[in-house]
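Since every read-out is calculated from the coordinates, none of them should be taken as a lab result. Everything numeric in this text was worked out from a predicted model, so none of it was measured. Don't worry about glycine lacking a Cβ; one is built from the backbone with ideal geometry, like all the others, and counts go over all protein chains shown.
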Amino acid sequence: MENSRVVVTGGAGFIGSHLCDQLIALGNDVVCVDNFLTGNHSNIAHLLENGTSNFMLIDHNVSEHIHVEGSVDAVFHLASPASPNDYLKFPIQTLKVGSLGTHNALGLAKEKKARFLLASTSEVYGDPQIHPQHEEYWGHVNPIGPRGVYDEAKRFSEAMTMAYHRTHGLNAHIARIFNTYGPRMRIADGRAIPAFISQAIRNKPITVFGDGKQTRSFCFITDLVDGLIKLMDSEIHEPVNLGNPSEMTILDLAEKIIALTGTDSKIQHEPLPVDDPKIRQPDIAKAKKHLAWKPAISLEKGLLATIDDFRKRLNINP
Ligand code: NAD
Ligand code: UDP
């Protein structure tokens, strides 16, 4: 990914905007296509304000035909609501962007003879019955439950991507992204890390759902972006897990954030959402072997950077 013209759908979102930054730092021209359903102008304002010719924004819903003038070397397809709150609020948009949006993004890559990368998710494994999750596992998803709109949209998008690869020889890649966090996450997107940090720095109760014994494995944004670029540059066409294998309970996460922020907040248990996966941990053997990739940033370092960003945006001094 150097000296290329790269389209990033969902480029005004959390992961997408960091990916745009890194692609530009590597010397690429970036075309961000986003309709701001869950993204923010503030995530890309610095790129627009630069007034440089290496970043361009197309305000567009990718579930409609995507038109990009000129040559394109690579398409990163990230557009989709991603937090449980967001996809429960926008169930039909989520199904449409996973299906129609992915079809359009694949069509753009095919027309331009570009490489393609789909941002898929650990949610394709659903509430997993094997642990940790490796890429050969087919998953355990409730197709008609509330989370099904996201899980099934992503499963369809993987199927469509493999069909374009097999039928049209598209140079396609599938990243199964596990929980990722860092600066620029929406303060109220409802995901555990933004929720706990914003509650802690406002001295509000920390809302742990259920008994908090469910597990997740959190990856810092810069590590994830590095993995996405390495995967796009590779010749691996089967799905690859990208995530940090260091697993923890949600209760431990809450306690870690309480300690790092020095808050007086106390934990408050609330009902566990329907179909909330009980365990999640990536097996990253494939990424290590084929991409020479593994996460480098510790949870403590990543959380401190995220807490700092939240304090600045909320105007709260330590
Ligand atoms: P985000 O909500 O911050 O970003 C998504 C972006 O897509 C937003 O800017 C939004 O406006 C845009 N978008 C949504 N629908 C669109 C449409 N129809 N047309 C154009 N733009 C549209 O979420 P994120 O955390 O940055 O996630 C980015 C991608 O990574 C998503 O595809 C998500 O499924 C995937 N992913 C994220 C995580 C994570 O932990 N953050 C984990 C697994 C997978
Ligand atoms: N969670 C929680 N309190 C919150 C938000 C989330 O206990 O305020 C839990 C949620 O039930 C899940 C875990 O934290 O078990 C991770 O949730 P998140 O929404 O971050 O991501 P998910 O992995 O569920 O997509």
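Going from the fewest other Cβ atoms within 10 Å to the most, the residues 19, 37, 303 appear in the order 37, 303, 19. For the chain, the longest principal axis of the C-alpha atoms and the axis of helix 192-201 are separated by about 50°. Could you work out how far helix 299-314 tilts from the main Cα principal axis of the chain, as a 0 to 90 degree angle to the nearest 10? Helix 299-314 sits at roughly 90 degrees to that axis. Candidates 190, 146, 80 compared by Cα position along the dipole of the chain: farthest toward the positive end lies 190, with charges placed on Cβ. Each pair of Cα atoms in the stretch 231-318 enters the Kirkwood radius, and Stokes-Einstein at 25 °C and 0.890 mPa s then converts it into a translational diffusion coefficient of 152 µm²/s. What's the whole-number percent of alpha carbon pairs in the stretch 1-149 lying beyond 17 angstrom? Value for the stretch 1-149: 62 percent of Cα pairs lie more than 17 Å apart. Nearest 10 degrees, 0 to 90: what angle lies between the long axis of helix 148-168 and the longest principal axis of the chain (Cα atoms)? Relative to the chain, helix 148-168 is tipped by roughly 30 degrees.
Rounded to the nearest 500, what is the chain's calculated 222 nm mean residue ellipticity when only DSSP H runs of at least 4 contribute -39500 (n - 2.57) each, over all residues?
Details: 11 runs with 119 residues, N = 318.
Here the helix-only value at 222 nm equals -11500 deg cm²/dmol.
Spin-label pair residue 264-residue 209: with each label point 7 Å from Cα along the Cα-Cβ axis, the two points sit 2.9 nm from one another.
Taking other residues whose beta carbon is less than 15 angstrom from the beta carbon of residue 291, and scoring Lys, Arg as +1 and Asp, Glu as -1, yields 0.
With K and R counted +1 and D and E -1, the other residues having a Cβ less than 12 Å from that of residue 229 yield a net charge of -3. Centre-to-centre separation between the Cα atoms of the stretch 19-58 and those of the stretch 239-310: 27 Å.
Here the spin labels are modelled as points 7 Å beyond Cα on the Cα-Cβ line, and at residue 296 and residue 131 they lie 3.1 nm apart. Calculated on the alpha-carbon coordinates, the convex hull of the stretch 63-221 measures out at 135 cubic angstrom per residue.
Once the piece of chain linking residue 237 and residue 159 is laid out straight, how much longer is it, given 0.36 nm per residue of separation minus the C-alpha distance between them? Could you put the intermediate results ahead of the total?
On the way: separation 78, 0.36 × 78 = 28.08 nm, distance 1.20 nm.
Between residue 237 and residue 159, full extension yields an extra 26.9 nm.
Computed over the stretch 160-318, the P(r) curve from all C-alpha pair distances, binned at 10 Å from the origin, holds 10, 35, 30, 17, 6, 1 percent per bin. For the stretch 122-137, putting each phi into the Karplus relation 6.51 cos²θ - 1.76 cosθ + 1.60 with θ = phi - 60° gives couplings of 4, 5, 5, 7, x, 8, x, 9, 10, 8, x, 8, 9, 5, 7, 6 Hz, in residue order, rounded to whole numbers and with x for Gly and Pro. With a Förster radius of 35 Å applied to the C-beta separation of residue 166 and residue 89, the computed FRET efficiency comes to 0.50. Overall size of the stretch 1-57 from C-alpha positions, given as principal axis extents largest first: 30, 20, 14 Å. Mean projection of the Cα convex hull over all viewing directions, computed for the stretch 117-209: 7.9 nm².
Hey, what's the Cα Rg ratio for the chain versus the globular rule of thumb, 2.2 N^0.38 Å? Please report the intermediate quantities before stating the final value.
Working: Rg = 18.7 Å, N = 318, 2.2 N^0.38 = 19.6 Å.
My calculation over the Cα atoms of the chain gives 0.95.
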